[in-house]
């Protein structure tokens, strides 16, 4: 599977898991969606420059590569936090199914 496809699938997974969770906060949904789209585009542009790295580089090449590295770090952080969130939610669901709820004082 090409790296471009994997990148787009990871972006789609993160968006699919996080954007609906912000249902009551429309502005946050829009901001997160825009960040994910910009990250996906920056990473694809960076991949295309990386594939042509032996060609003479222009000034914009360095800026595009920096944007791609920042997007990769952003995506990595979002993926780890999303997987951690999914793990906690799965653990809480399993706990409720087993009757292991923790009483909370109001």
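The values are calculated or read from the model by the stated rules, or taken from the named source; none is laboratory data. Since the structure is predicted, the reported quantities are computational estimates derived from the model, not experimental observations. Every residue, glycine among them, receives a Cβ derived from its backbone with ideal geometry; neighbour counts consider all protein chains shown.
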Odd one out for residue 91 among (1) on the phi > 0 side of the Ramachandran plot; (2) not in a loop (DSSP other than H, G, I, E, B): (1)
Criterion (loosely packed, with under 15 Cβ neighbours inside 10 Å and either assigned to a helix (DSSP H, G or I) or out of contact with any helix residue (DSSP H, G or I) (no Cβ under 8 Å at 6 or more places or on another chain) (or both)) met by exactly one of 33, 7: 33
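Of all the residues that make up the range 78-89, how many are loosely packed, with under 11 Cβ neighbours inside 10 Å and either under 13 Å from the mean Cα position of the chain (by Cα) or closer than 13 Å to residue 17 by Cα (or both)?
Going residue by residue through the range 78-89, those that are loosely packed, with under 11 Cβ neighbours inside 10 Å are 80, 84, 87-88.
Those still in the list that are either under 13 Å from the mean Cα position of the chain (by Cα) or closer than 13 Å to residue 17 by Cα (or both) too: 80, 84, 87.
Of the residues in that region, 3 qualify.
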Checking residue 24 against (1) assigned to a helix (DSSP H, G or I); (2) surrounded by fewer than 12 Cβ atoms within 10 Å (Cβ to Cβ); (3) modelled with pLDDT of 85 or more, the condition it does not meet: (1)
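Would it be correct to say that residue 60 is surrounded by fewer than 14 Cβ atoms within 10 Å (Cβ to Cβ), free of Cβ contacts under 8 Å to residues at least 24 places away in the same chain and within 30 Å of residue 101 (Cα to Cα)? Explain how you work it out, then say what you get.
Values: surrounded by fewer than 14 Cβ atoms within 10 Å (Cβ to Cβ): yes; free of Cβ contacts under 8 Å to residues at least 24 places away in the same chain: yes; within 30 Å of residue 101 (Cα to Cα): no.
For residue 60, the condition - surrounded by fewer than 14 Cβ atoms within 10 Å (Cβ to Cβ), free of Cβ contacts under 8 Å to residues at least 24 places away in the same chain and within 30 Å of residue 101 (Cα to Cα) - is not met.
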